[in-house]
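Peer 1: Take this structure first; my questions come after.
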Amino acid sequence: MHSCVGHLRALLCPLMTPPDSESGVAVREPLPGQVASDKSEPAFRALTQRLAMELRRGRHIVLWGPRGSGKTTLLQAVGLELGDVHHALSTATSHLDDITQTFERAYAEVPTQGVRRRTARSRLWWAADADPGCLLLDHVTKVPAAMKGWLRRLRGGVVGVVLAVDVDSPREREWLRGMKIGCSSLRMPPVDSRSLTRLLNHSWAAAELAPLTPSARRTLVRSARGRPGWVLQCARLASDRRYWNTGRLHVHVLATDAEMRLRGMGLP
């Protein structure tokens, strides 16, 4: 699926957005400039470069959008763009210690073993104050008071931070609105149907699956609702023979299971 991920990057080109009724994230100042909605690889590279530049300046950003919209792919690309800058990616973030552990990976040379976590954070802060870095916090599910307080300490050019948040429902949007952590907002927009169709065809061929009928292709693209990650998940699941019967795809079952897997729900 590595080639599919590369193809996914060519389709993604999110827009830098100011706060609105959808994001509900308090913004101290907007990110400078906007990225055009061209879905080309150069546009994706331009976005990763701009985001990496803002993180190097110490900016704190909330990256939000539905599960499967490409947030993790973007963070991975930004990590590569940061190069030699101290940085690390957290795959799950819900507690202060998740940030601390990510901080420790970014500044592996700082001795933090055998001391209290507060002492470890103080050592890491002083290291970052002398040599600023970046934290890429993926799958943020909670922002308790202790996390908010620590993130505030990292402002002012000490550490650039991006928090990726899954937002699929009105309830999750309300939760995001109530976070109030004083970050700029970056929303992942849906990918258009034509681009999703190209990604579906590409990932289907890479998995060497039986050809899709036009009806099945339309159903899967419609079920994806603009989420390229959903398409990749669907192609991975479709390799399982239980979704096929004498060469015919159980397309609605596959679509349901892809949604469940994307949301972290177990499959029978």
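Peer 1: Tell me which residues, restricted to the stretch 169-212, are free of Cβ contacts under 8 Å to residues at least 60 places away in the same chain, of a type outside the set (A, V, I, L, M, F, W, C) and within 29 Å of residue 239 (Cβ to Cβ).
Peer 2: 193, 194, 197, 201, 208, 211
Peer 1: Separate question: Might you check whether a residue that is in a loop (DSSP other than H, G, I, E, B) and modelled with pLDDT of 95 or more occurs anywhere in the stretch 86-105?
Peer 2: The answer is yes; a qualifying residue exists.
Peer 1: Given the condition assigned by TED's automatic domain parsing to the domain that holds residue 85, over 13 Å from residue 63 (Cα atoms), among the small types (Gly, Ala, Ser) and within 19 Å of the chain's Cα centre (by Cα), answer yes or no: does some residue in the stretch 166-178 qualify?
Peer 2: Looking for residues that are assigned by TED's automatic domain parsing to the domain that holds residue 85, over 13 Å from residue 63 (Cα atoms), among the small types (Gly, Ala, Ser) and within 19 Å of the chain's Cα centre (by Cα), one finds at least one in the stretch 166-178, hence yes.
Peer 1: Of all the helices (runs of 4 or more DSSP H) wholly in the stretch 158-268, which have at least 3 residues that are within 30 Å of residue 96 (Cβ to Cβ)?
Peer 2: Counting at least 3 such residues, we get 170-177.
Peer 1: Let me ask you something else. Say whether the condition of being outside the structural domain of residue 57 (by TED's automatic domain parsing), under 20 Å from residue 71 (Cα atoms), among the hydrophobic types (A, V, I, L, M, F, W, C) and more than 18 Å from the chain's Cα centre (by Cα) is met by at least one residue in the stretch 212-226.
Peer 2: yes
Peer 1: Let me confirm something: among 257, 240, 192, which residue is under 24 Å from residue 77 (Cα atoms) and of a type in the set (Asp, Glu)?
Peer 2: 192
Peer 1: Given (1) of a type outside the set (Lys, Arg); (2) in a helix (DSSP H, G or I); (3) free of Cβ contacts under 8 Å to residues at least 24 places away in the same chain; (4) out of contact with any Ser or Thr (no Cβ under 8 Å at 6 or more places or on another chain), identify the lone condition not met by residue 49.
Peer 2: Checking residue 49 against (1) of a type outside the set (Lys, Arg); (2) in a helix (DSSP H, G or I); (3) free of Cβ contacts under 8 Å to residues at least 24 places away in the same chain; (4) out of contact with any Ser or Thr (no Cβ under 8 Å at 6 or more places or on another chain), the one that fails is (3).
The values are calculated or read from the model by the stated rules, or taken from the named source; none is laboratory data. Predicted model only: the values in this text are computed from it and were never measured. Cβ sites come from the backbone with ideal geometry, for glycine too, and all protein chains shown count toward neighbours.
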